[in-house]
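We did not get these values from a lab; they are worked out from the coordinates using the rules stated. This structure is a prediction, so every number in the text was calculated from the model and none was measured. Please note: Cβ atoms are built from the backbone with ideal geometry, for glycine as well, and neighbour counts cover all protein chains shown.
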Amino acid sequence: MSRCRRQNPGLTVRRLAIKYYTHGRRDQLQVALTFDDGPNPPRTDQILEILEGRGVRATFFVLGKWVERFPQAFERIVARGHAIGNHSHLHLTNLGDFDRAEAAIGNLLGRPTNYLRAHYFNFFTCLHSPLALSPEVKIVDADVNPADYAKTDPQAIVEATLNHPSLAGGSIIDLHDGSESDDAALRLARPLPMIRALPAIIDGLRAKGFELVSLDEMALVDPVAWRYDGRGTFATEELRAAIASMGALEE
Ligand SMILES: [Zn+2]
C-alpha cells in the first residue's frame, strides 16, 4: 500500500527530510530567550546591556543581510558570549537562502552556526538549502511566541510571555531585536516595546524558578518531523525543481 499523500497538485510527498525542535528537556527548569531578525544597532546593543546587567546568555537568530550591513553589531553579540543562529539572508517568504546567510555569518564568526530558524516558520524553505538539511544544524522553532513584534504595550508583552500556556521547563521563547524591513525607522521602532518589557520578562521568569540559558546550554529533545501544513506555499516552479533535485521529495 502506498504511503504517499497527495499534498498539492503535481507534488506527491512521502517523506520530507526536515525535523525541528520546539523545546528542550521538560524536566529541567531552563528556558531559552531567542531574538530574531537582527543585528539591529543600537537596539541589539540595548538588549545586550540588559542581558549583561542580569547575567543572561541568550541566542540571536540573525539575518545574513544585516550581518553584512552591521558587522560590528554582530561581533558585539558574539563577544558577549551569546549563541548564534541562522535566520536566512533576506527573510523572503518563499526563499531558503540560509547558505548565503551562512557565508556572511561564518565569515565573521569563524565557525559554522549550529542552529537555524526558518523565517515565518515556513519550514519548506529549508528544503531549498543543503545547510538546513545538514545533520550538523538543528532547526529550532519556539513553543512560546508572545508576538512581541505586533504589540506596542510593554506590559502586554510581559504578560504574553509569562502567562503563555506553553511556558514550562525547556521552553524556547521567540522575541525580536530587529525586523526584516529595509525601512530603518520601522526597524528601529519595532523592538522598543520588547526592550522595555525585557527586564520584567527576565525577572518574572526567574521568579518562576527558571534558569535562563542559551541554546548551547539546553538539551533539545523531541524533534518534530515536518509535514507540509499549509504554512507558506510551494510558490514557484523553480523552488519545486530545486526541492526535487535535492532528493528531499520522493515521488
Ligand atoms: Zn524573522
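Odds and ends about this structure:
- All lysines inside 17 Å of K19 as judged from Cα atoms, apart from same-chain residues fewer than 8 positions distant: K138
- FRET efficiency for the pair A17 and R196, taken as 1/(1 + (r/R0)^6) with r the Cβ-Cβ distance and R0 = 30 Å, rounds to 0.15.
- Linear extension gain, Y120 paired with T93, 0.36 nm per residue minus alpha-carbon span: 9.0 nm
- Among the GluC sites (Glu not before Pro) found in segment 80-160, those both in a DSSP coil and sparsely packed, with 11 or fewer other Cβ atoms within 10 Å of their Cβ, are E136.
- Straightening the chain between R54 and Q72 buys 4.2 nm, computed as 0.36 nm per residue apart minus the Cα-Cα spacing.
- Full-stretch length increase - S134, S166 - with 0.36 nm per residue and alpha-carbon distance subtracted: 8.7 nm
- Segment 129-222: trypsin sites (Lys or Arg not before Pro) in DSSP loop, at most 13 other beta carbons within 10 Å: K208
- Dipole magnitude (debye, nearest 20) for segment 17-245, charges at Cβ of Lys, Arg, Asp, Glu: 220
- Taking the average, over residues, of other Cβ atoms within 10 Å as the packing measure, peptides 20-30, 170-180, 40-50 rank 170-180, 40-50, 20-30 from highest down.
- FRET E, pair D216, A79, Förster distance 22 Å, beta-carbon r, rounded to 0.05: 0.90
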